[in-house]
Each structure stands twice: as structure tokens, then as C-alpha cells.
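Novice: Mind looking over this structure? Questions follow.
A short reminder: the numbers here are calculations on the coordinates, not readings from a lab. Computed from a predicted structure; not experimentally measured. Virtual Cβ from ideal backbone geometry, glycine too; neighbours counted across all protein chains shown.
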Amino acid sequence: MKLAEALQERADLNARIEQLRERMAQNALVQEGERPAEEPAELMREFDECVSRLEVLMNRINLTNCATVAEGKTLTEHIAHRDCLKVRINAYRRVLNEASQPARRAMRSEIKILSTINVRERQKQIDVLSKELRLTDNLIQSANWTTDLME
């Protein structure tokens with residue numbers, strides 16, 4: 001199995017676990033004399049199986065990410081870098097959004113609001129970071145599809 005396939009399975013398991021959690025809660029109580037739409041014990045059994053499979057899969061994914069080197073760094077390092085790039089880009093975009101708002105004044109005598117940052121400079125920085133994010137993500141995705149999942 002390729003690493004990318006394991007990542008897809010992990011996403012599917014997470015979605016399935018969330019659905020089962022909701023269904024267990026929905027069937028936890030019934031009116032006296034009624035039966036639940038689904039048997040809670042069966043839902044719990046399936047839930048436990050999915051969580052156990054997820055744990056095994058997560059261990060194998062993490063081991064593979066730590067052992068796989070691409071362009072001189074492990075996949076774990078590339079993933080951490082990608083995640084931090086996302087944090088930076090999102091924060092800078094939020095600041096730029098605020099700084100780019102036109103000042104609203106009804107009269108010239110009202111207080112003038114000015115941006116405290118150079119919007120054009122910061123936008124160029126975001127563009128550079130966004131390109132780095134795309135390249136890093138492409139590197140990770142490529143490695144995911146060419147790397148076998150560790151046992």
C-alpha cells in the first residue's frame with residue numbers, strides 16, 4: 001500500500017468514526033417500551049474496530065513519514081514546514097484584509113485611520129510564501145504516491 005492510499009484510508013476512517021459516534025449518541029436513549037433504531041452495542045463494536053484500525057494506520061503513517069527522506073528532509077519535517085507556512089499565510093492575509101479596508105469618514109474633521117503596514121510589500125511576501133507552500137505540498141504529495149507504507 002502506498003502512503004497516499006493510507007492517508008486516504010485514514011481520512012475515511014476519521015469520517016466513519018465521527019458518523020458512528022453520532023449514531024451511538026442518537027441511539028443511547030429511547031422511550032420506555034421502544035427499541036433504538038440501531039443497536040448501540042453493535043455500533044460500539046464497529047466504532048472500536050474503526051478506532052483500532054485508525055491507531056495502527058496512524059502508527060504506520062507516522063513511522064513512514066519519519067523514515068522517508070525527500071530533498072534532504074524527512075516527510076515529517078516537510079509536513080511541519082507546510083503547516084507553519086499555512087499559519088503564516090493565514091495570519092498575514094487576515095492582517096492585510098484589515099489593513100486594506102478603506103477609511104470611512106463622513107467629514108474631514110473626523111479622525112483619519114491609516115494602515116500601519118505596507119500592504120503591497122506584505123502581499124508580495126504572501127505571494128512568495130504561497131509559492132513555497134505549493135512547492136512543498138507538491139513535494140509531499142509526490143512522495144506520498146511513490147512511498148510504500150511501512151509495516
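Novice: Could you identify the single residue in Leu7, Leu13 that is in contact with a Cys (Cβ under 9 Å, 6 or more places away or on another chain), under 27 Å from Trp145 (Cβ atoms) and of a type in the set (A, V, I, L, M)? Walk me through it before giving the result.
Specialist: On the way: Leu7 fails: in contact with a Cys (Cβ under 9 Å, 6 or more places away or on another chain).
Being in contact with a Cys (Cβ under 9 Å, 6 or more places away or on another chain), under 27 Å from Trp145 (Cβ atoms) and of a type in the set (A, V, I, L, M) holds for just one of Leu7, Leu13, which is Leu13.
Novice: Exactly one condition in (1) without any contact (Cβ under 8 Å) to a residue 40 or more places away in the chain; (2) in a helix (DSSP H, G or I) is false for Val30; which is it?
Specialist: The one condition Val30 does not meet is (2).
Novice: Hey, Ala6 hits all of (1) without any contact (Cβ under 8 Å) to a residue 24 or more places away in the chain; (2) surrounded by 13 or more Cβ atoms within 10 Å (Cβ to Cβ); (3) among the small types (Gly, Ala, Ser) but one; which does it fall short on?
Specialist: All conditions are met except number (1).
Novice: Restricting the search to the range 54-93, which residues are closer than 24 Å to Glu151 by Cβ, out of contact with any helix residue (DSSP H, G or I) (no Cβ under 6 Å at 6 or more places or on another chain) and part of a helix (DSSP H, G or I)?
Specialist: Hits for the range 54-93 are Glu55, Val56, Met58, Asn59, Arg60, Asn62, Leu63, Ala67, Glu77, Ile79.
Novice: Now a separate question. If Leu96 satisfies every condition in (1) in contact with a helix residue (DSSP H, G or I) (Cβ under 8 Å, 6 or more places away or on another chain); (2) part of a loop (DSSP other than H, G, I, E, B) but one, which is the exception?
Specialist: All conditions are met except number (2).
Novice: Just to verify a result, which residue in the range 125-142, among those that are of a type in the set (D, E, K, R) and in contact with a helix residue (DSSP H, G or I) (Cβ under 8 Å, 6 or more places away or on another chain), is nearest to Val69 (Cα to Cα)?
Specialist: The extreme case among them is Asp137.
Novice: So the check is Cβ under 6 Å with 6+ separation or different chains; which pairs have a first residue in the range 45-74 that's in contact (Cβ under 8 Å) with a residue 12 or more places away in the chain and a second one that's of a type in the set (Lys, Arg)?
Specialist: Cys50/Arg16; Leu57/Arg10
Novice: Collect the residues in the range 109-147 that are surrounded by 12 or more Cβ atoms within 10 Å (Cβ to Cβ) and outside any helix (DSSP H, G or I), keeping them in residue-number order.
Specialist: Matches in the range 109-147: Ser115, Ile117, Thr147.
Novice: A further question follows. Being touching a residue at least 40 places away in the same chain (Cβ under 8 Å) and under 21 Å from the mean Cα position of the chain (by Cα), is that true of even one residue in the range 122-131?
Specialist: Within the range 122-131, one or more residues are touching a residue at least 40 places away in the same chain (Cβ under 8 Å) and under 21 Å from the mean Cα position of the chain (by Cα).
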